[in-house]
Amino acid sequence: MCMDAFLPTAAYIKTIATQPAKQKNIAMDVLRLDEIHPLISGNKWFKLKQYLQQAAAANKKVIITFGGPFSNHIHATAAACKAFGFTAVGIIRGEEPKQLSPTLTDALALGMELYFVPREVYKLKEIPQTVLKKFPQALVINEGGYGKEGMLGAQEILSTWNQPSYTHIMAAVGTGTTLAGLITSALPHQKVIGISVLKNNASLQNEVVQLTGRAYTNYRILHNYHMGGYAKSSTALFTFMNKWYQQTAIPTDFVYTAKLFYGMNQLIKEDYFPENSKLLIIHSGGLQGNRSLPKDTLIF
Ligand SMILES: *Cc1c(COP(=O)(O)O)cnc(C)c1O
């Protein structure tokens, strides 16, 4: 399979409208990266692509990476490695549970080898000796795909699709890698707005500058819409997700995209955007992670 498959096209754009947006003449297009591939979904595919190309060029057959038991990155890496013929190795945060999460069950079924590491050790992001011995030639990808290659891959999110009519580009932010890709590929008049899903992530700004290589002025990271912190949820969040789905037919994940759309909705109400703005909102996927929620929490 060719790695240039799965690029955004018009087919992945969904125009939505809400009452507050209509009143202010604000147009909203959602780029549904969640629909680009059934398994390698969302921004993770773009972040992985350059790493996989690098591995292929260096004739490396094994990819090692890190993540938690519900990690979208682990899930996407397992699927991409399977699709492109790499052996995937996942270093997983926490002791091996009696019952694997749906994410890890999928990863295992896709052929990923899983190594569980206690939380305190996982923090060090070291590859266990047994893994190093078994796969001395592997290419190692950071947790979440953080890094320059991830940023370069994320530039492709806009490269085939961006239109000058968009005034603002919005995305959920974890490591900032995707945001860095958007910042460095947006058109000069466009503003990029990142909704951070972590609480008090003071180092984020610096990490983005590290990635982009210089201080761009075309973006803002907003820190007020994490709704309690990373992967924190609440009845209010689930209510929003269900209402948003009823209104727009857009499913969201509770860790990233729900907070993105919630933040965007608030910003429109608070007149953050000038009238006649046209927003391109990046739906970065992550829906598989909703399987950690109790059944019937969500209507989709
Ligand atoms: C990983 C992820 C993000 C965050 O991407 P970064 O490049 O780490 O900022 C956003 N949305 C979803 C659905 C994700 O899985």
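The values are calculated or read from the model by the stated rules, or taken from the named source; none is laboratory data. These figures come from a predicted structure and were not determined experimentally. We place every Cβ from the backbone using ideal geometry, glycine too, and count neighbours over all the protein chains shown.
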Within the stretch 154-201, how many residues are outside any helix (DSSP H, G or I), touching a residue at least 60 places away in the same chain (Cβ under 8 Å) and near the ligand (Cβ under 10 Å from one of its atoms)? 5
When every residue in the stretch 136-148 that is in a helix (DSSP H, G or I) and within 12 Å of the ligand (Cβ to nearest atom) is compared, the one surrounded by the fewest Cβ atoms within 10 Å (Cβ to Cβ) is Glu143
When Leu279 is run through (1) touching a strand residue (DSSP E or B) at 6+ places or on another chain (Cβ under 7 Å); (2) within 14 Å of the ligand (Cβ to nearest atom); (3) not in a helix (DSSP H, G or I), the failure sits at (2)
Checking Met151 against (1) under 22 Å from Leu187 (Cβ atoms); (2) at pLDDT 95 or above; (3) out of contact with any Phe, Trp or Tyr (no Cβ under 8 Å at 6 or more places or on another chain); (4) away from the ligand (no atom under 12 Å from the Cβ), which single condition isn't satisfied? (4)
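This table checks each residue for (1) within 20 Å of Lys82 (Cβ to Cβ); (2) surrounded by fewer than 17 Cβ atoms within 10 Å (Cβ to Cβ).
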residue: Glu113; (1), (2): yes, no
residue: Arg119; (1), (2): no, yes
residue: Lys125; (1), (2): no, yes
residue: Pro128; (1), (2): no, yes
residue: Leu132; (1), (2): no, yes
residue: Ser159; (1), (2): no, yes
residue: Gln163; (1), (2): no, yes
residue: His168; (1), (2): no, no
Could you check, for the stretch 220-233, whether at least one of its residues is of a type in the set (Phe, Trp, Tyr), part of a helix (DSSP H, G or I) and closer than 22 Å to His168 by Cα? no
From the option list Gln99, Gln23, Gln54, single residue qualifying as under 26 Å from Val173 (Cα atoms), away from the ligand (no atom under 16 Å from the Cβ), at pLDDT 95 or above and not hydrophobic (A, V, I, L, M, F, W, C) is Gln54
